[in-house]
Every structure is written in C-alpha cells, then in structure tokens.
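A short write-up of the structure that comes next.
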Amino acid sequence: MPDYLAALNPEQRDAVLSTEGPLLVLSGAGTGKTKVLTTRIGHLIHSKRAFPGQVLSVTFTNKAAAEMRMRVSHLLFGEAAAPQEAASLWLGTFHSICAKMLRRHAELVGLTPQFTILDDDDQQRLIKALLADNNIDHTKFPTRAVQNVIQSWKDRGLTPDKIPEAAGNYTLPQVAAKIYPAYQARLKALNCTDFGDLLLHMLVIFQSHPDVLRQYAERFKYILVDEYQDTNVAQYLWLRLLAAYHKNLCCVGDDDQSIYGWRGAEVGNILKFEQDYPGAKTIRLERNYRSTSAILAAASGLIANNETRLGKTLWTEASDGAPVRIKSVWDDNEEARFIGEEIESFQRNGIALKEIAVLVRAGFQTRSFEERFLTLAIPYKVVGGLRFYERMEVRDTIAYLRVVSQPHDDLAFERIVNTPKRGIGKATLEQLHISARSRNSSLYAAVEHLLSTGELKGKTGATLQKLIAQFDTWRGKLGDLSLAELADLLLEESGYRAMWQADSSPEAAGRLDNLRELIRALGDFPSVAEFLEHVGLVTDSATQEQGDMVNIMSLHAAKGLEFDCVFLAGWEEGIFPSQRTLDELGTAGLEEERRLAYVGITRARRHLTITHAANRRIYNQWQSSSPSRFIEEIPTETLEFLDGGPYASRSNGPSLFQREVESILQTRVETVAPAASNGLSKGMRVFHQKFGNGVILNIEGDHLQIAFKHAGVKKILAEYVEPA
Ligand code: ATP
Ligand code: MG
C-alpha cells in the first residue's frame, strides 16, 4: 500500500479508493474531508486512472486551491516538488475555472477571449447609467439594490429570459427585470462580464452547444468538490452538466458548516445528492483528527440546538485537553488587553504566532485587537480583509478630518471632493489643478480663489462654495466639539453616512459599523493631530506581510482552516448572533449563525477561548450587552469560566470598572505628561457614563469639578470618569 493510503483510516481510504461513480463524503469538521480530497486527486494520477489534465477540482478560495495544489505536488513528486509540477490540474475556485473555460469559448456568447471582468464600481456605474436611461429614480431604487437582485438571479442560473414574473406594481424585482437584459447587452457591447457571468455564460454555452459540453464532460474523468454545502444553484447545475458523462463526481462537505446562505448557497444541494445521483455512495467520517475532546464536545453540544440538520456523531482519540474557556470582560478594550496577554503567554510557551487566530463576527471588531497588538508589538495580519485603518470608509472619513485640520492637504481633498458624489467631474478637477499650479497653491486655496474671481460658476460653483463653507464651519468647531462629535457631525452634514445608508449591498452595513467604530476610536484622542499621528504609525507598521503572525479574521474567512489556539471574540447578543441576521431571516438566520459558531469552535486544535464584553460603547453611549445565547448552549462540563462565571463582569461591575479606570489611568500616566497623581489633571477632557463629555475645572482630593457639555457643572468622584 502506498504511504499516502496507509496514512488514512479505513473510511477515508474507502473514500479515496471508491474512484468510480458518484460519491458523497458527508461529515463533521476536522474529520479529514479536505485531506481525503487531496489524497484522492493524488491517487487518481498516481494510479494512472487519469492524467492531471483530466481531473477537475473545485475549492472555495484561491488560498485553499493553492494549498491543495502544493499538497498534491508533494504527494506525487515528493516534498521538494514545486507546485508547478501539478500545473496541468484544473484546480481552483468556480470563478477561476469558469474564467479559464470562458476565455476559450467567449465568441459563443458574443465576447472575445480578451474580455474584461468588471469590478464592483464599474458594474454600479453601468447600472446607474441604465437606470437613468430608463427614467428610473435611483434614490427610490438604489443601484446597489438592483445589482443585488440581478446577482441573485445569476446565482440561481437565470438568464434574463428565465427570471420569474414579479407581482405588484413598480417593485424592485420589476425594475431589476427591466434593467437586467439591458445590462447584459451593455456588458456584451463593452466586451465585459461581471463575476456572476463567468458561471452563467458557461451554463448558457453548455446548454446551447452540446458539443462544447461534451468536450469537457468527456475530458474530466474525475470531478472533485470541497465545501459542497456552500454551492449555489448555478454552481450545482454546472457540476451536474459536467458530471453527466463519466458520473465520477466526488463531493465533500458538512451541512453543519453551511454559512453562505446569504450569498445564495443552497444547503439543499448536499442534502439531495443521493437523489440527484442515483446509486451514489455516501461515506461518513466520524473521527475528528483536529481538536481535543473538550473542544469537540463543545461544538457538538452547540450545533445539536439546530433543528434542520442531519445529525452526526464525532469522536476523537485526542486527550481531553484544556476546557473551553469563557472570559467575561468589561468592554472591548479589556477584551483586546486580555487576548493580547494570553497571546504573549502562549508565545512564551513556545506556540508560534501563526498558530493563533482571533476570529470575529463583524469587521469593525478587528480595530481594538489591531491597536492592542501594535502596542504590544505582536505581529498580526488581517486575513481575507483589510486592516481597519485601510478600509475605504475609514480612509474617507480620515480624509475629511485631514482637510478640516489641514485644508492644504491636496491628497485628502482630492479623495473626498466628490465623495459622496457631488457632481464634481474631471474637468473641474483639472481646472483646480491648473489654477493651483499656476499660483503655487493648494487645491483648497484654488477653489477659494476661483470662487472669488467668479471662474467657478453654476452648479459646480455653488457645490464647491457649499463644501468650502462646510469645512470652514467644521474647522470652527475644532475647539468646541470633541473629535468624536466633530466626526459624527461631518459624516452627517457631508452626506457621507447617508451615502452608505442608502446602499443596500451586504457590505454597506459593515461599513456603517466601521464608521461607528472609528468614532469610538476618536474618543480616545484629544486632537486631530494626535489621532493622525496614531493612524500614521498604525499604517506604517502594517507593511510587513510575511513571517510569523497572529491571524485576525472573520468567522466566514476561517472556513476550512485550523489553528492551535483560537480566540472567539465578542460573543454577545446582537453581535453574535448578529441582530441584523436575526431581523432579516428569523429562525433560519439564527441557525446559520449557530453553524457559524460551530465553524468557529471547530477551527481550534488545542486551546479555545471565548470572550464577551459586558459593555460596548456605541458613539459615546455605553450600552450593556448580554452574553451570547450560544455560550449557554455549550455543555457546561466542557467549559471553564474564568473569573468565576459568565456574568461575573456584570455582578462585579464596579470592581471591574475600577480596574478598567485604573488601567486607563496608568496608560495615561505613561503616555500623557504631566498629570496629577491619579492621572487626571485640570483642563483634561473626561467622559462620564451618565453625563457624557466634560472638562475638569478643578481637582479637590478624589473629587472633581467637571463642566459637562450637556449636564452643566457637577462634582464627581474621580473613579467614575475616564479620560475622553
Ligand atoms: P473542515 O470541515 O473544517 O473543512 P476537514 O474535514 O476538511 O475539516 P481536514 O482539514 O482535512 O478536515 O483535516 C483536519 C486535520 O486532521 C488536518 O490537520 C489533517 O491533516 C488531520 N487528519 C485528517 N485525517 C487524518 C489521519 N487519517 N491521520 C492523521 N491526521 C489526519
Ligand atoms: Mg475541509
């Protein structure tokens, strides 16, 4: 028996050796599904059942594809082999494989092989123009909403002639139905596709040119698919067509890990596999090789709360290991501090940073970790997303703040002069540049100059006049308002926040969260200059991407991966399960959130820690939050509650708060000089939970006289305020 087979357990080996006919490997996390798939590819080639070019393998991300390619090369050509050895394998995501196919047959759908795949911005611009052509009000039917409906049709494999009839009068589906054929025609005229088209065009070609389908269906003797539970209808149809000839389709997946329903994934695809492929063999793997038994028991106990599932048994030979730890913290700062310390301690115990992951539900949660890790000089990377201060909406807001504090910052001014859209076009910008160059001034000064000479006229002139006036007003408020208040105001008055509120894409909500988080972060800085300096440092230290680093990522991005130590942060009602998902999808949404929790827990090999904060600050308001229901759903015997219990931070609120204040004061003493012995000094801006922001007028022992912005002058015990 070759080594690669000897390394497998009997069920896994069966899955590798059952090469002929449809096969489904349906089993829980960490049971070796991906390992089976990789070994199977290697085995098919090694045993000469197929040439590499006759095997089609589909994975979920490019990263997973690259990893798989490497493993197959090692298996076939030894550990020293380069991934190129397996270059002729058709191995990639649905998108990348369809793009490769479509370039060969582009003319069949009226494109040339050099077609461009449009990015999101360009798609929106196209749809916007089409809405205008059709006299459809884009404030009532936002571009993004129309784009989403079209995308969802494409996910379901529906070309414009096949979309369902929409009831009602002048509804979004009706508007989208009107735009869809025109949009497709425009894409074709421009020799472009969007992402959904890659698959859709191939479906169309397969249906209208049976010879092309036959060519591929005959060629791919073996087809393998990982994470089958997250395929959508279009992908499902594409696979069925390709597998119709040889019927050697092997799909692996786990219904409990279906987490992309919101993007059109149909868990039903995996559940009806045996029906779709009569005579299919199903293999269940039950031994988990990844996690300790405590982690596995926690995951199994949690997912048992879902009603719509097949149900499976999982066992491990690994020792019990450490219990799953639950840590209650006061707020997100303490959460970041705690996890930072834990990581340092893991590191001291010889665990590599790349073996550690912090998984979050929502993008905004990464900020506090990023800042804490920078302070502690713990290298980190944000996997599958941007670092907080590099995100578009955060950079846009920072650009506004830069222009407020430094009107002559041309880069910042150019970034936001037409964001949100104000109708300032290329021609106007050119005019500004020419004037600025000739007078050796900034763009901002050029606007002022051209307005004064009357050279900027009409609508453009009025718009710029208003913008300059707004910047003057905001600048005037620099002293009166706290930074957070100022940012809040300018996001409101500039229409920037409204722009994202009007956007109905799935990402828009996350962007609004990030704006809120940014405002929260601004609360920690006394001036724009200090904040900008901080951002400069943060972004500067973020250039390095290689080496041993902690992984920060979303639960969604962590699918299929594994780490020695995992931290699951922010397990609070509203954040996780996400309130938005519950509101939109009800019980189905709750079950998908629970599957996401299951995915999170099962990423851990040896150590798992779940944290929840008792308070979150939204803008400048503290909101108390309760621990996620998912914590209660994990069997208690697998858990260890640090600090005595899940509600410790609530019942011991004041003492935790006390500690929090003390630690804030300590950091202040180190970083802000000179300060009174308790870290607070006259003139300092402070924040009080009930009365909000204020400035210290006087210090008498441990009592402070504070002038609050809204509540007037009050005498307050020092321990109840914190520096703002
Ligand atoms: P997920 O559902 O999270 O995608 P999976 O079922 O794909 O998990 P793998 O990632 O393939 O599981 O395997 C989990 C871990 O178990 C990997 O580290 C893998 O190398 C190891 N493993 C799998 N099978 C065996 C085996 N027979 N012997 C030793 N280790 C194994
Ligand atoms: Mg896997």
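The values are calculated or read from the model by the stated rules, or taken from the named source; none is laboratory data. Model, not experiment: these values are computed from the prediction. FYI the Cβ positions are ideal-geometry reconstructions off the backbone, even for glycines, and counts take in every protein chain you see.
Here the range 541-561 is the region considered, the condition is being assigned to a loop (DSSP other than H, G, I, E, B), away from ligand 1 (no atom under 16 Å from the Cβ) and not polar (S, T, N, Q), and the residue that is modelled with the lowest pLDDT is A542.
Applying the criterion of being among the hydrophobic types (A, V, I, L, M, F, W, C), within 15 Å of ligand 1 (Cβ to nearest atom) and under 22 Å from A243 (Cα atoms) to the residues of the range 48-71, the residue that is modelled with the highest pLDDT is V58. Checking the range 373-381 against the condition returns a match, with at least one residue being among the aliphatic types (A, V, I, L, M), modelled with pLDDT under 95, within 30 Å of N333 (Cα to Cα) and assigned to a helix (DSSP H, G or I).
Scanning the range 29-47 for residues that are more than 7 Å from ligand 1 (Cβ to nearest atom) and assigned to a loop (DSSP other than H, G, I, E, B) yields a single hit, S47.
Within the range 71-79, does at least one residue satisfy the condition of being outside any loop (DSSP other than H, G, I, E, B) and crowded, with 24+ Cβ neighbours inside 10 Å? Yes, because at least one residue in the range 71-79 is outside any loop (DSSP other than H, G, I, E, B) and crowded, with 24+ Cβ neighbours inside 10 Å.
Can you find even one residue in the range 131-154 that is modelled with pLDDT of 90 or more, out of contact with any strand residue (DSSP E or B) (no Cβ under 9 Å at 6 or more places or on another chain) and aromatic (F, W, Y)? Scanning the range 131-154, I find at least one residue that is modelled with pLDDT of 90 or more, out of contact with any strand residue (DSSP E or B) (no Cβ under 9 Å at 6 or more places or on another chain) and aromatic (F, W, Y), so the answer is yes.
Checked across the range 43-61, the condition of being within 16 Å of ligand 2 (Cβ to nearest atom) and surrounded by fewer than 21 Cβ atoms within 10 Å (Cβ to Cβ) holds for at least one residue.
The residue that is surrounded by the fewest Cβ atoms within 10 Å (Cβ to Cβ), among those in the range 208-236 that are in a loop (DSSP other than H, G, I, E, B) and away from ligand 1 (no atom under 16 Å from the Cβ), is H209.
The number of residues in the range 244-279 that are at pLDDT 95 or above and either outside the structural domain of T31 (by TED's automatic domain parsing) or aliphatic (A, V, I, L, M) (or both) comes to 2.
The residue that is farthest from ligand 2 (Cβ to nearest atom), among those in the range 241-252 that are surrounded by fewer than 24 Cβ atoms within 10 Å (Cβ to Cβ) and closer than 17 Å to L37 by Cα, is K247. Tallying residues that are surrounded by 13 or more Cβ atoms within 10 Å (Cβ to Cβ) and modelled with pLDDT under 90 within the range 457-486 yields 1.
Just one of the listed residues (I303, I343) is crowded, with 19+ Cβ neighbours inside 10 Å and over 23 Å from A521 (Cβ atoms), and it is I303. If the condition is being under 30 Å from I343 (Cβ atoms) and β-branched (V, I, T), then the range 375-418 contributes T375, I378, V382, V383, V394, T397, I398.
Taking the residues in the range 36-58 that are touching a residue at least 40 places away in the same chain (Cβ under 8 Å) and within 33 Å of the chain's Cα centre (by Cα) as candidates, determine which candidate is farthest from V252 (Cα to Cα). My answer is V55. In the set (1) within 16 Å of ligand 2 (Cβ to nearest atom); (2) touching a strand residue (DSSP E or B) at 6+ places or on another chain (Cβ under 6 Å); (3) part of a helix (DSSP H, G or I); (4) not hydroxyl-bearing (S, T, Y), the condition left unmet by Q12 is number (2). In the range 1-42, what residues are of a type in the set (S, T, N, Q), surrounded by 19 or more Cβ atoms within 10 Å (Cβ to Cβ), modelled with pLDDT of 95 or more and farther than 14 Å from R71 by Cβ? The answer is Q12, T31. Within the range 554-576, the set of residues being within 16 Å of ligand 2 (Cβ to nearest atom) and charged (D, E, K, R) comprises K559, E562.
A single entry from L203, L198 fulfils the requirement of being farther than 29 Å from A558 by Cα, more than 16 Å from ligand 2 (Cβ to nearest atom) and not small (G, A, S): L203.
Evaluating P323 against the criteria (1) crowded, with 21+ Cβ neighbours inside 10 Å; (2) in contact with a strand residue (DSSP E or B) (Cβ under 6 Å, 6 or more places away or on another chain); (3) at pLDDT below 95 leaves one unmet condition, (1). Considering the range 265-316, and only residues there that are among the β-branched types (V, I, T) and within 13 Å of ligand 1 (Cβ to nearest atom), the residue that is nearest to the chain's Cα centre (by Cα) turns out to be I303.
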